[in-house]
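The values are calculated or read from the model by the stated rules, or taken from the named source; none is laboratory data. As the structure is a prediction and not an experimental result, all values here were calculated from the model. In this analysis, Cβ positions are derived from the backbone assuming ideal geometry, glycine residues included, and neighbour counts consider all displayed protein chains.
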Amino acid sequence: MPLWSRSFSTTFSILLAACLVLLISNHSMGQEVVNGNVSSPTTAGTSAFARVIANQKIMESNLDLYERIQKVEIRKLSNEASAVETKVWRVFPSGAATTKIPLSPQSEPLSSPSYRSELEKLAKYLTWVAQDGAAQREAYAKLEHKRKERNDLIASTQEAFLFTRVGTEQRGDQVLVKYSMRPNPAFKPTTRNAIIFSKVRGVVWIEEHSGELAKIEGSVTEDISIAMFLAKVYKGSHFMQERYEFFPGIWFPSYEQFDFDGRKFLLPFSIHERTLYSAYKRVGPPSESIAQVRAELDKLPSK
């Protein structure tokens, strides 16, 4: 995926996380629909706000400790008959970075020499990043800077949307509370990325008992210019994500989809991606995971 479109997808991924903040923000709660009638605007208490934010932080922290399989299906055109390119990675958290090791479409290691080489590079990086030196501190500082930018963008969206409760849905043994999401007309974007929020509508589902974000869907309601107006994403583009409880009290994304149409310069483009996440496994921080990677290397054939 080109860098500019990857940046756009990343911004929408940020929106997914931001909805946890938006939903329980005292400033952005909308009106509640009860039996077809719109009630007075609802507000969330401090404890509810703290609970949902805490859940989001826990999930993000856990992603730094759990490896997973990421399978991406890329379709060049929107119709179902178009060819699909499948890319699969083993995603391994590695301290100040995330390592992606290519796998086969069946989620199996590629040729033994190449897979071993990837693991050796991972082991070398984990060994390095687990040390306490100036270079390592700089790497973690860059990571924290990116996280701060992301959190600042999330914070800027607290005025961006109005939510209306539209009912509940059952998903297995879970009760999901469903909210519609629409731009707040009083919201004034202060950054280029924040402008996207005023051009998106959607629906969010919150698991009733845990306060976890279970699902979100959104659509672009107006054309969006990106990359200094060198590209544009057209109205009608769509995104969604689902999350499940993979371990007791531990939620992760399981599926997400992006369907974007637009143009780059004067050439049209179409991005249709489906991503499935599976095989979550705790590996811990680099100081712990390095032993697991070395043990795995010991079991592989030597070069």
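Identify the residue in segment 165-209 that is of a type in the set (S, T, N, Q) and closer than 20 Å to residue 239 by Cβ and, among all such residues, is surrounded by the fewest Cβ atoms within 10 Å (Cβ to Cβ).
Residues of segment 165-209 of a type in the set (S, T, N, Q): 168, 170, 174, 180, 184, 190-191, 193, 198.
So of that shortlist, the ones also closer than 20 Å to residue 239 by Cβ come out as 180, 184, 191, 193, 198.
Numbers: 180: 16, 184: 19, 191: 12, 193: 21, 198: 17.
This residue is 191.
Kindly indicate whether residue 97 is surrounded by fewer than 17 Cβ atoms within 10 Å (Cβ to Cβ), more than 29 Å from residue 207 (Cα to Cα) and at pLDDT 95 or above.
Working: surrounded by fewer than 17 Cβ atoms within 10 Å (Cβ to Cβ): yes; more than 29 Å from residue 207 (Cα to Cα): yes; at pLDDT 95 or above: no.
Considered against the rule, which asks whether it is surrounded by fewer than 17 Cβ atoms within 10 Å (Cβ to Cβ), more than 29 Å from residue 207 (Cα to Cα) and at pLDDT 95 or above, residue 97 comes out as no.
Can you give me the number of residues within segment 124-138 that are farther than 20 Å from residue 279 by Cβ and surrounded by 16 or more Cβ atoms within 10 Å (Cβ to Cβ)? Reasoning before the result, please.
Initially, segment 124-138 is screened for residues farther than 20 Å from residue 279 by Cβ, giving 124-125, 127-138.
Checking which are surrounded by 16 or more Cβ atoms within 10 Å (Cβ to Cβ) leaves us with 125, 128-130, 136.
Here the count works out to 5.
List the residue pairs whose Cβ atoms are under 8 Å apart, where the first residue sits in segment 273-289 and is of a type in the set (Gly, Ala, Ser), the second is in a helix (DSSP H, G or I), and the two are 6 or more positions apart or on different chains.
Filtered contacts from segment 273-289: 289/126.
Applying the selection to segment 286-303, what residues are in contact with a Pro (Cβ under 8 Å, 6 or more places away or on another chain) and either among the aliphatic types (A, V, I, L, M) or under 22 Å from residue 63 (Cα atoms) (or both)?
Within segment 286-303, just 289 meets the criteria.
Check 114, 180 and return the single one that is modelled with pLDDT under 95 and either at positive phi or more than 23 Å from the chain's Cα centre (by Cα) (or both). Step through it out loud before you land on a result.
Numbers: 180 fails: either at positive phi or more than 23 Å from the chain's Cα centre (by Cα) (or both).
That would be 114, the only listed residue that is modelled with pLDDT under 95 and either at positive phi or more than 23 Å from the chain's Cα centre (by Cα) (or both).
Please determine whether any residue of segment 280-300 is at pLDDT 95 or above and closer than 30 Å to residue 220 by Cβ.
no
If a residue has to be surrounded by 20 or more Cβ atoms within 10 Å (Cβ to Cβ) and of a type outside the set (Lys, Arg) to count, how many in segment 212-230 make the cut?
Filtering segment 212-230 down to residues surrounded by 20 or more Cβ atoms within 10 Å (Cβ to Cβ) leaves 212-216, 218, 220, 224, 226.
Filter once more, so that each one left must be of a type outside the set (Lys, Arg): 212-214, 216, 218, 220, 224, 226.
Of the residues in segment 212-230, 8 are surrounded by 20 or more Cβ atoms within 10 Å (Cβ to Cβ) and of a type outside the set (Lys, Arg).
Quick one: in segment 244-278, of everything that is aliphatic (A, V, I, L, M) and surrounded by 14 or more Cβ atoms within 10 Å (Cβ to Cβ), which residue is nearest to the chain's Cα centre (by Cα)?
Taking the candidates together, the pick is 276.
Can you spot a residue in segment 266-284 that is under 20 Å from residue 120 (Cβ atoms), in a helix (DSSP H, G or I) and of a type outside the set (S, T, N, Q)?
Scanning segment 266-284, I find no residue that is under 20 Å from residue 120 (Cβ atoms), in a helix (DSSP H, G or I) and of a type outside the set (S, T, N, Q), so the answer is no.
Residues checked against (1) closer than 17 Å to residue 241 by Cα; (2) touching an Asp or Glu at 6+ places or on another chain (Cβ under 7 Å):
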{"site": "180", "(1), (2)": "yes, no"}
{"site": "188", "(1), (2)": "no, no"}
{"site": "197", "(1), (2)": "yes, no"}
{"site": "203", "(1), (2)": "yes, yes"}
{"site": "208", "(1), (2)": "no, no"}
{"site": "215", "(1), (2)": "yes, yes"}
{"site": "219", "(1), (2)": "yes, no"}
{"site": "222", "(1), (2)": "no, no"}
